[in-house]
Structure formats: C-alpha cells, structure tokens
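Data first, discussion second: the structure below is written as structure tokens.
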Amino acid sequence: MKTNILIQTKRLILRTVTLADREHVASSWKLDAEPISLNEAEQKILWMQANHEKNLPGKIFHLCLSIIIKDTNEFIGWCGLDHLDQEKTDPALFYLLKAKFWGKGYATEAATALLKYAFTEMNLVSIHGSADPENHASIRIMENLGMQFMGLAKNGCPVYSITKEADGINPF
Ligand SMILES: CC(C)(COP(=O)(O)OP(=O)(O)OC[C@H]1O[C@@H](n2cnc3c(N)ncnc32)[C@H](O)[C@@H]1OP(=O)(O)O)[C@@H](O)C(=O)NCCC(=O)NCCS
C-alpha cells in the first residue's frame, strides 16, 4: 500500500521517515540513552521504509511517521503503529517527542490524526495502546483519544483500545 504518507493537522505534518531525518532519528531513537550513530540511524530508516512496503489495507505490519511542525519545519518526534508481532490481536499506537516539545498538545494532535488515517485510509478495525503506569501523560493522551481502558497487562501496564466505529472524535 501507499509508502509515501503525508498527513496534515492544524500545526503538524506527519510524514514517512526519510534518510534526510537521520540526524533526528540518531538523536532521539532512545530518549534515555546516548544517540545512535548516523549509520545505525540510516539502517533504522531503511528498516522502517521496508516495513511500510509490507503494509496492506486492513493488515498493517509497521508504520512510523516523522512529526514536523508546519510553521518551522522542525522534526519533533515520531508516532506510528506497531504490529510486528502478528500474534497480537491488533496494532499498538506509539508516540515519542523530543522533551522540549512536551506539554503543548502535539502528541495528542498527531495521534488523533494518525488514528483517523488508520481507520479511514488503512481500513484498520481496532488499535490498542499501553503505557507504563507512571507515564501519566501517555495514559492521558489515550483517554483523550477516546480509547477505552481494557485492564492491566501481565506486566502491570494499563491497556487501552479503540475501534473504527468508536472513533468519533474530530481531527485537528
Ligand atoms: C508521552 C509524550 C508523547 C507526551 O507528549 P506531549 O506532546 O507532551 O503530550 P500532549 O501535550 O499531547 O498531552 C499530554 C496530556 O497528558 C497530561 N499530562 C502531562 N503530564 C501529566 C502528569 N504528570 N499527570 C497527569 N497528566 C499529565 C497533559 O495535561 C495532557 O493532557 P490534557 O491535554 O488533557 O491537558 C511525551 O512525554 C514523550 O514523548 N514521552 C517519552 C516517550 C513515551 O513515553 N511515549 C509513550 C510510550 S507508551
């Protein structure tokens, strides 16, 4: 399916990660660890692009999009859907922003648009999300997205879920 994705919100652009993003990918691959090398970042990006090519309508493998601020063209992080483990019932939502961009509603704005895209353009039927119990911001985002609390996973992390039918929130 489409591998060159571009989604626009009020303040953001979500788009396929490209090799031009390698410095950002290197510096933010793991927020709590040293940057990875540019060579490693390029390999990660090629891996992401190869994953996009495996996605089919209604059956996603992995999707990872760069989040860019429209006005300044700054790369601020990424978001996506992970269904690498096809034994899991549905894909998992993820988002990660550079710390200086936290608290401005960007992750909620990006995830809202991503869910819309997933349900309308990719024809997915359900998406789940999970976070460490102490990650209050991530949990709040899932609640604000209209995701329903499903219970605790074996690792004690709360699990949330949303279906295509329930996704009635307006895109930004
Ligand atoms: C989680 C993360 C993406 C949030 O990004 P963000 O752009 O700051 O999120 P938003 O501003 O869109 O929304 C955060 C929400 O959490 C709330 N929040 C933030 N910190 C909170 C806290 N300590 N307790 C309760 N609520 C909190 C905010 O008020 C906001 O809710 P609101 O819109 O109802 O006011 C960002 O912190 C991040 O990248 N963290 C590291 C990676 C990560 O943890 N990813 C999630 C893995 S599951």
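Just a few scattered comments:
- Rh (Kirkwood; distinct C-alpha pairs) - the stretch 47-99, Å: 12.1 Å
- Gyration tensor over alpha-carbon atoms, the chain, equivalent ellipsoid semi-axes in Å: 23, 18, 17
- Mean ellipticity per residue at 222 nm, deg cm²/dmol - from DSSP H runs of n ≥ 4 across the chain, formula -39500 (n - 2.57): -8500 deg cm²/dmol
- A straight chain from residue 50 to residue 149 at 0.36 nm per residue would run longer than the Cα-Cα distance by 32.4 nm.
- Note on the chain: with charges restricted to the Cβ of Lys and Arg (+1) and Asp and Glu (-1), its dipole about the Cα centre is near 380 debye.
- Rounded accessible area per residue of the stretch 6-163, 1.4 Å, Å²: 52 Å²
- Positive-end extreme of charge dipole, the stretch 18-133 - chosen from 33, 84, 56 (charges on Cβ): 56
- Apolar share of the accessible surface for the stretch 6-163: 52 percent from carbon plus sulfur atoms, 1.4 Å probe.
- Alpha-carbon centroids, the stretch 16-48 and the stretch 97-117: separation in whole Å: 19 Å
The values are calculated or read from the model by the stated rules, or taken from the named source; none is laboratory data. Bear in mind the structure is a predicted one, so any value in this text is a computation, not a measurement. Counting neighbours? That spans all protein chains shown, and the Cβs are built from the backbone with ideal geometry, glycine included. Protein only, heavy atoms only, side chains kept; ligands, DNA and RNA dropped before computing areas. Shrake-Rupley method; radii C 1.70, N 1.55, O 1.52, S 1.80 Å.
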